[in-house]
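The values are calculated or read from the model by the stated rules, or taken from the named source; none is laboratory data. Keep in mind that this is a model prediction, so the values were computed, not measured. Note: ideal-geometry Cβ built from the backbone for every residue, glycine included; neighbour counts use all protein chains shown. Calculation scope for accessible area: heavy atoms of the full protein, side chains included, ligands and nucleic acids excluded. Shrake-Rupley method; radii C 1.70, N 1.55, O 1.52, S 1.80 Å.
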Amino acid sequence: TAPFFPCSPLRQATLAMEQSQGLAAALLHRRRAPILLAVAALYSVHEGAPAAWAAAPSLEGHRSALARPWTGDASRARTLLLSNVMEATPPIRFEDDDERFVAPKSRRIGAGVFGVARALSHLLLIFGCGAVLLPIIWASLPFVKRRDPVGRKLVDRIIHVWSKAAVWPFFRVTVKGRENLPPDNQAVVYVANHQSFMDILSSYHLSKPFKFVSKASITKIPVVGQAMKAAKTITIEREDRRSQMQAFRTCVDTLKAGTSIFVFPEGTRSPDGSLINFKKGPFSMARRAGVPMVPITIKGTNAMMPSKKEYLMYTSKAGVELVVHPMVSAKEVQSMDEGELVKSVRGIIESALPPALRKPELAGARERPATEPDS
């Protein structure tokens, strides 16, 4: 708090504001902007202010303290203080600043070595968790095959636990727009941008049952591949046209059976985090199955583990953020031209990316509430 200066209230407010600039920046950066700064400076404006603010238990209390009658220099001091606070607040963008999800142009010396160590530790944790949870998946599989042969939701839940346990020590994942997620028993096509290998683990934080559409080579990874097969992950050989058609039919049948599909319509990981061309496969399968689509924007994975550099896991205070956009209804999916649907969903996903990762030609794409994959 600002000290009590033996001078006029107007002068006290001015000095408090000058001496509190550094403190103000720190407080504003941590989401306590106008209230805490006002408390610091108002302390030196009027003798009764400290008691009034200390007694105020909520924001309404703070407002009532500010609304009390002030006269003379004190009134002018309050006006000066509040105008300074309001002018200082707008330019500051707290944690909502999307640029923190963009990979920095340069990193500190030694970041690469530390990144390799983190990636190795993460890999060991993935296999360690798998050694514990894979036997549970195998033990439950006979029961799951009888009761839920297509969805295998119990296996999905175990994989959710596995993914969250493997991620927790290294980075946090936040989900915005969770209210836009459909019920577990509603089949939808989830479509998301693809920046990094970490997109897969992060997506499980949606805590919703779905089947990934993944390239077949992923199933060859020990432990991980066995879990994917147990969960009935839909695989595809990108260079094999017959495999592509078979995967498409399997996706449509899975959707019609009431199980959701998760697809990366870009078909491969973006090298810099910005969107690349979308494949029409996921949109065609949604139209064929008559189900809605849920656009999702993934932010922060490329800054932490760049594409094609799975041996690195940089530290990231921002972590990963999943933005779930409002559903594109089945009626809209059916009524829109396929090209228009692709462009619209792409624009929705891109609208939540940091400005540095948006393509200029798509800046005007509509923001609404939100295949050949490579996982």
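Details
- Pairing each residue of region 330-352 that is over 16 Å from GLY290 (Cα atoms) with any residue that is open to solvent by 10 Å² or more (accessible area, probe 1.4 Å) and in a helix (DSSP H, G or I), provided the two are 6+ apart or on different chains, yields C-beta distances under 6 Å for GLY347/LEU362; GLU350/LEU362.
- Among the residues examined, ALA330 qualifies as more than 20 Å from the chain's Cα centre (by Cα), closer than 24 Å to ILE234 by Cα and either of a type in the set (A, V, I, L, M, F, W, C) or modelled with pLDDT of 95 or more (or both).
- Flag for PRO169 being assigned to a loop (DSSP other than H, G, I, E, B), under 27 Å from TYR311 (Cβ atoms) and open to solvent by 60 Å² or more (accessible area, probe 1.4 Å): yes
Residues are listed down the side, and each one gets a yes or a no for (1) modelled with pLDDT of 90 or more; (2) among the aliphatic types (A, V, I, L, M):
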residue	(1), (2)
SER344	yes, no
ILE349	yes, yes
ALA365	no, yes
ASP374	no, no
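- Scanning region 211-222 for residues that are closer than 22 Å to LEU154 by Cβ and either in contact with a Leu (Cβ under 6 Å, 6 or more places away or on another chain) or assigned to a helix (DSSP H, G or I) (or both) returns ILE218, THR219.
- With respect to (1) surrounded by 13 or more Cβ atoms within 10 Å (Cβ to Cβ); (2) at pLDDT 50 or above, the lone exception for SER64 is condition (2).
- VAL161, sole failed condition from (1) open to solvent by less than 50 Å² (accessible area, probe 1.4 Å); (2) in contact with a Leu (Cβ under 9 Å, 6 or more places away or on another chain): (1)
- Test for HIS205: is it under 18 Å from the mean Cα position of the chain (by Cα), under 18 Å from ILE298 (Cα atoms) and open to solvent by 10 Å² or more (accessible area, probe 1.4 Å): yes
- Meets criteria (at pLDDT 95 or above, touching a strand residue (DSSP E or B) at 6+ places or on another chain (Cβ under 6 Å) and among the aliphatic types (A, V, I, L, M)) for VAL175: yes
- Qualifying residue in region 236-254 (condition: among the small types (Gly, Ala, Ser) and either open to solvent by 70 Å² or more (accessible area, probe 1.4 Å) or assigned to a loop (DSSP other than H, G, I, E, B) (or both)): no
- Test result for GLU266, open to solvent by less than 40 Å² (accessible area, probe 1.4 Å), part of a loop (DSSP other than H, G, I, E, B), within 25 Å of ILE236 (Cα to Cα) and acidic (Asp, Glu): yes
- When LYS220, LYS211, LYS299 are checked against the criterion of being open to solvent by 20 Å² or more (accessible area, probe 1.4 Å) and either closer than 17 Å to HIS194 by Cα or charged (D, E, K, R) (or both), LYS220 stands alone in meeting it.
- Residues satisfying the stated conditions in region 193-211, i.e. out of contact with any helix residue (DSSP H, G or I) (no Cβ under 7 Å at 6 or more places or on another chain) and under 21 Å from PHE248 (Cα atoms): HIS194, ILE200, PHE210
- Checking ALA103, ALA139, ALA131, ALA111 one by one, the residue that is among the small types (Gly, Ala, Ser) and open to solvent by less than 30 Å² (accessible area, probe 1.4 Å) is ALA111 and no other.
- Just one of (1) of a type outside the set (A, V, I, L, M, F, W, C); (2) in contact with a Ser or Thr (Cβ under 7 Å, 6 or more places away or on another chain); (3) closer than 28 Å to ASN185 by Cβ; (4) part of a loop (DSSP other than H, G, I, E, B) fails for SER307. It is (3).
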